[in-house]
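The values are calculated or read from the model by the stated rules, or taken from the named source; none is laboratory data. For clarity, every value in this text was computed on a predicted model and none was experimentally measured. When we count neighbours, we look across all protein chains shown, and the Cβ atoms used for this are built from the backbone with ideal geometry, even at glycine. Surface areas here come from the heavy atoms of the whole protein model, side chains and all, with no ligands, DNA or RNA. Shrake-Rupley method; radii C 1.70, N 1.55, O 1.52, S 1.80 Å.
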Amino acid sequence: LYFPSLGKIAYCYTMLNDSSNVIQTLSRTIDELPPCADELEARFRRGDAYRRTDRTVAAINEYAGIINEVNGANKKAFTKTPEDTKKTGELMENVYFWKAYCYAVLNKPPEKIKDYQQKAIDDFTKFVADYPKSTLSPVALGRLGSLLYANGKSDDANKVFDRLLKEYKDSNEA
């Protein structure tokens, strides 16, 4: 009862646009939960709260931490049941997308922008390869093509945009 209640409190704070209390409530939840699918969800929501409040580096760090945790020594903790396996898989799809997105929008310090854009390119490329059926794939391809074009790789960008038009012709991004 306690942990679901904290999740609902965090949701209420989200609806009130009270991000500091969202983060605080989710942090409390995370601190008290063992490694499990619910803990990953709380961490993702905290990363999302960081992203929505322009704390992009904190969001990237949260998403990277989730990836490391799921791929680390405790990975069995996130797939104890079929429901946990499904929940973790769906969560990871979002984690990979939003990590790439955060790198794409990170613009400080200016001398690091090209490095951030390259990380976004790498992450979006991995995302569309790993999650081609995702509803986020057209967005990822659009971002990827734009980043490639902005980095002087117009031939690669054109291939990505052609793929977007071919595979997701009915999407808003096409």
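So here's what we get for this one:
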item: Only one of Gly89, Gly47 that is closer than 22 Å to Ser137 by Cβ, in contact with an Asp or Glu (Cβ under 7 Å, 6 or more places away or on another chain) and not charged (D, E, K, R); result: Gly47
item: Criterion (open to solvent by less than 30 Å² (accessible area, probe 1.4 Å) and either more than 25 Å from Glu41 (Cα to Cα) or modelled with pLDDT under 95 (or both)) met by exactly one of Val128, Val95, Val160; result: Val160
item: Qualifying helices (runs of 4 or more DSSP H) (wholly inside the range 96-174; at least 1 residues being aromatic (Phe, Trp, Tyr), in contact with a helix residue (DSSP H, G or I) (Cβ under 6 Å, 6 or more places away or on another chain) and touching a residue at least 12 places away in the same chain (Cβ under 8 Å)); result: 113-130, 154-167
